[in-house]
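What follows is one structure encoded as structure tokens, with my remarks underneath.
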Amino acid sequence: MTSQTPASETDAPFDLVICGARVIDPAQGLDGCFDVAVRDGKIAALAADLGRTPAKTRLSADGKIVTPGLIDLHVHVYEWVTNFGVRADDAGVDAGVTTIVDQGSSGAWTFGGFIAHVIKPSKTDVVAFPSINLLGAIKGGMEGPRLHNPDLVDIDELAALAAQYPQYIRGFKCHAESGSMSHWGTQVLEYASEIAKRTGLPLYVHTGELFPVIEESRPEATDVVPNVLHLLKEGDVLAHVYSAMPDGIVGLEPGIPDVVRQARQRGLLFDIGYGVNFSYPIARKMIAAELYPDTISSDAHGDFNGYHDDSQTDYSLCGAMTRLLALGMPIDRIIAATTITPAKVIGQQDRIGSLRPGMDANITILDQIEGEWTMLDGRGEELVVNLRLAPHRVVMGGEVIVPSCRLMRDIFGNVPKAA
Ligand SMILES: [Zn+2]
């Protein structure tokens, strides 16, 4: 018995060809008009004219920007277990993002549930930096002294977990901020430094006041980050670098403090962690000094004080990218900061972060929406932008997905984007 394959399928060398877009792939130094072809879930070709090559599906992307699938290095998606976690695909494919990195929502005692209920069922690729503490961030930042103290750290247990799940655990989350230091000095960070050394994985370090502070032992704001630099190593990531917190990286003093250059010299990476911390004045000051973030992330999460409430979440990865573009960060740096650089942070640069043939066919297609649009920073300051970067389609392992954009109020307002 023989089966016949239709001629068109036999002849079709590609499953999908995306035509006519501006392709930006900083990993290859590419910015120009190319077509992208996909076969068997991998990038098969990237060339100037694949328009006549047979393909099962052809997507016209005139006027769009095509990038490697976007990677968001900082989200909170342990939905239902933490009070502030959002649905993973709302921060992922439904926001134009193909890989998300949960920062500290899970801990060694709660990581099994994260695999079963978040990593496995999501369309988006999810990896994690578990919290240095055993429980994770069950109540956001609101229970610092109870959840994030040295007694809830067990380095052996965390190291064993990282060895068991190397495909999911790509680093660890910890905090360098006034509340923690007022209680325990640098002790929790010393444990974090130890687990990072033992596993060879990076630390992702929150900066800017978060936990309740003991006022009598409040550290000098400008000492908080300098006091932990010696515990960090090349490749570790400082978060919220454009925040206006007095104990943040830039702080409130005029000029750029020495600690910024010291951190760069140590090989630390700077991440945006947009969230509620981003400040336009600090961003302007840093960008004017060409102190760009290495990675851009959203810090997408729900209400810290509520339970499972994302009704006020009004920021997204594309929103952070849009704001930085308007503030003067070059587009090739913005795309590098959301593709190849975070891919390297999570050690997956051989598989994602570029459109080189052979890489996974994870692709983001961005609309460029023109027109004046007002965007707020974390402190409510307004910025009028003339161009918004918005997800049009994502491709996950070759499958084309239309993002719902449900959590993208900063780009679309409260009206869901029509498919
Ligand atoms: Zn966060």
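Going 7 Å from the Cα of Ala116 toward and past its Cβ, which residues in the stretch 130-165 have a backbone nitrogen under 18 Å from where you end up?
135-136, 161, 165
Evaluate the distance, in nm, between pseudo-label points positioned 7 Å from the Cα of Gln167 and of Glu372 along their respective Cα→Cβ axes.
5.2 nm
Under a plain spin-label model, where a point goes 7 Å from the Cα along Cα-to-Cβ, how far apart in nm are Met142 and Ser60?
With each label placed 7 Å out from Cα toward Cβ, I get 5.1 nm.
At Asp309 and Arg284, where each label point lies 7 Å from the Cα along Cα→Cβ, what is the point-to-point distance in nanometres?
That separation, rounded to one decimal, is 3.3 nm.
Over the stretch 223-266, what is the relative contact order in percent, taking alpha-carbon pairs closer than 8 angstrom and at least six residues apart?
So the answer I get is 33 percent.
Give me the percent relative contact order of the chain, please, defined on Cα pairs under 8 angstrom at least 6 residues apart.
Computed value for the chain: 19 percent relative contact order.
Would you grab the residues whose amide H sits under 5 Å from the one on Trp373? Only those 5+ places off in sequence or on another chain, please, with H modelled 1.01 Å from N.
Val385
Could you give the angle, 0 to 90 degrees to the nearest 10, between helix 155-164's Cα long axis and the longest principal axis of the Cα atoms of the chain?
Approximately 10 degrees, to the nearest 10.
Can you work out the FRET efficiency for the pair Ala48 and Arg218, with r the C-beta to C-beta distance and R0 = 60 Å, to the nearest 0.05?
Using R0 = 60 Å, I get an efficiency of 0.50.
Contact order normalised by length for the stretch 264-419, with contacts defined as Cα pairs under 8 Å and 6 or more residues apart; what percent is it?
On the way: 245 pairs, mean separation 34.0, N = 156.
Once normalised by length, the contact order is 22 percent.
What is the chain by shape, rounded, prolate or oblate, if you read a ≥ b ≥ c off the alpha carbon gyration tensor as root eigenvalues and call it rounded for a/c under 1.5, prolate for a/b larger than b/c, and oblate otherwise?
Prolate.
How much length is gained on full extension from Leu30 to His230, taking 0.36 nm per residue of separation minus their Cα-Cα distance?
Here the segment from Leu30 to His230 would lengthen by 68.3 nm.
Test of understanding: ordering Ser297, Ser279 by Cβ neighbours within 10 Å, fewest first, what list do you get?
By the 10 Å Cβ count, ascending, the order reads Ser279, Ser297.
Only bridges with both residues in the chain count here: give the DSSP antiparallel percent, nearest 5. Display every interim value, and only then the final one.
Values: 35 of 64 bridges.
Bridges in the chain that DSSP calls antiparallel: roughly 55 percent.
Skipping prolines and chain starts, which residues have an amide H placed within reach, meaning under 5 Å, of the one on His175, given they are 5 or more residues away or on another chain?
Under 5 Å from the amide H of His175: His206.
If a/c stays under 1.5 just call it rounded; otherwise compare a/b with b/c (prolate if a/b is bigger, oblate if not). Do that for the stretch 41-127, with a ≥ b ≥ c from the square roots of the Cα gyration tensor eigenvalues.
The shape class here is prolate.
Nearest 10 degrees, 0 to 90: what angle lies between the long axis of helix 317-326 and the longest principal axis of the chain (Cα atoms)?
With both axes taken from Cα atoms, the answer is about 90 degrees.
Every number here is computed from the coordinates shown, using simple stated rules; none is lab data. All values reported here derive from a predicted model rather than from experimental measurement. With ideal geometry, Cβ positions are generated from the backbone for all residues, glycine too; neighbour counts draw on all protein chains shown.
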